[in-house]
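Accompanying notes for the structure given below.
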Amino acid sequence: MHRNDSRDAAPDVESTDTAARPGRAPFPDMVWIPGGTYWMGSDHHYPEEAPAHQVTVSGFWMDRFTVTNEQFARFVEATGYVTVAQRPLNPADYPGATPETLVPGSLVFQKPQGPVDLGNVANWWGYVPDACWKHPEGRRSSVKHRRDHPVVHIAFEDAASYAAWAGKDLPTEAEWERAARGGLDRNEFCWGNDFTPNGEHLANTWQGYFPWQNLREDGHEGTCPVGAFPPNGYGLHEMTGNVWEWTTDWYQARHQGNKGKACCIPVNPRGPATEHGSQDLFTSAITIPRRVLKGGSHLCAPNYCRRYRPAARSPQAVDSGASHIGFRCIVRP
């Protein structure tokens, strides 16, 4: 994944505003992300990341870690909130779905015993009844010994509801990517251009041949505790790998860009106003709109889904979580 171009020798540094951060953090474990102009997206990888273009974002506070099971449990205890994965399903909302999937539950990664067709995600994803944030692999599983792991099986509504309760918000895609880059502009990864500098793994991703062989060279299989890997230049942990993170932007197949014109650099962009429904992975039905996920997860591998980079992005239906989807919050001053 090391790109041999002129940017490798001297990593660019993003431009930042000169305004001092606005006092103390509004909540514990939040760090200040300075505003400024940076290059968003990439022209060297998946087509949905293009075109690379400059954007400007204002400064904001961001959670140092993704929201954990312990934090989410406090939210549920205080509010009685029931996540989307725990609610009964209306068959009218899911035309073409089979009866066994019309029960509360969520998608869970299931590692096959050997090589499978990478063109069929059903070879490693299965809909598991009763799978939810407190039963990540189904009714017999628990987060009892994973209190400091990121909460998963989170749909967009769940993340937004937690953020509102906590007095916070969810980031836009531009804000999230600004934060993930940690002050390094046009670099492949949150820490530079070498995926494993000096042979060290700096993120919880998949080593080996996905989806059946995980060599666990980074020390983990599945999610890891938050803070297990070093922070980026802004003090944020696990902005690469571990779990995908929700943003508020509706998904579009490519960035709008600014057509290379300095006069047209967007300020605090928020993506398109809406996104039309798209085809579901498992049925031919048209499903509800999708928002952008960022960051990759512990399932991203060199042979499949090389999305462990700040520029990478993925669409996710807003009514669905999975065993590798979580979130973190921000506060705008």
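Of note:
- Kirkwood-based shape ratio for the stretch 106-160, expressed as Rg/Rh from alpha carbons: 1.03
- A Förster distance of 22 Å, applied to the separation of the beta-carbon atoms of residue 92 and residue 274, puts the FRET efficiency at 0.55.
- Based on the reciprocal of the average 1/r between different C-alpha atoms, the Kirkwood radius for the chain equals 20.4 Å.
- Think of a 1.4 Å ball rolled over the protein heavy atoms: the chain then has 45 Å² of accessible area per residue.
- Lysine pairs within the chain, Cα separation less than 25 Å, 8 or more sequence positions apart or different chains: 8
- Value at 222 nm in deg cm²/dmol, rounded to 500, when DSSP H runs of n ≥ 4 in the chain each add -39,500 (n - 2.57): -2500 deg cm²/dmol
- For the stretch 49-147, the fraction of C-alpha pairs farther apart than 22 angstrom is 53 percent.
- Extending 7 Å from Cα along the Cβ direction at residue 110 and again at residue 217 yields two label points whose distance is 3.0 nm.
- Around the amide H of residue 204, modelled in the peptide plane, lie the amide H atoms of 242, all under 5 Å away and 5 or more residues distant in sequence or on another chain.
- Here the accessible area is traced with a 1.4 Å probe on the protein chains. For the stretch 80-211, carbon and sulfur cover 52 percent of it.
- On a per residue basis, the convex hull of the C-alpha atoms belonging to the stretch 124-219 measures out at 169 Å³.
- Förster radius 41 Å - calculated FRET efficiency between residue 79 and residue 303, Cβ distance, rounded to 0.05: 0.45
The values are calculated or read from the model by the stated rules, or taken from the named source; none is laboratory data. Everything numeric in this text was worked out from a predicted model, so none of it was measured. A quick note on method: Cβ atoms are made from the backbone with ideal geometry, for glycine too, and the neighbour counts reach across all protein chains shown. Side chains included, ligands, DNA and RNA excluded: accessible areas come from the protein's heavy atoms. Shrake-Rupley method; radii C 1.70, N 1.55, O 1.52, S 1.80 Å.
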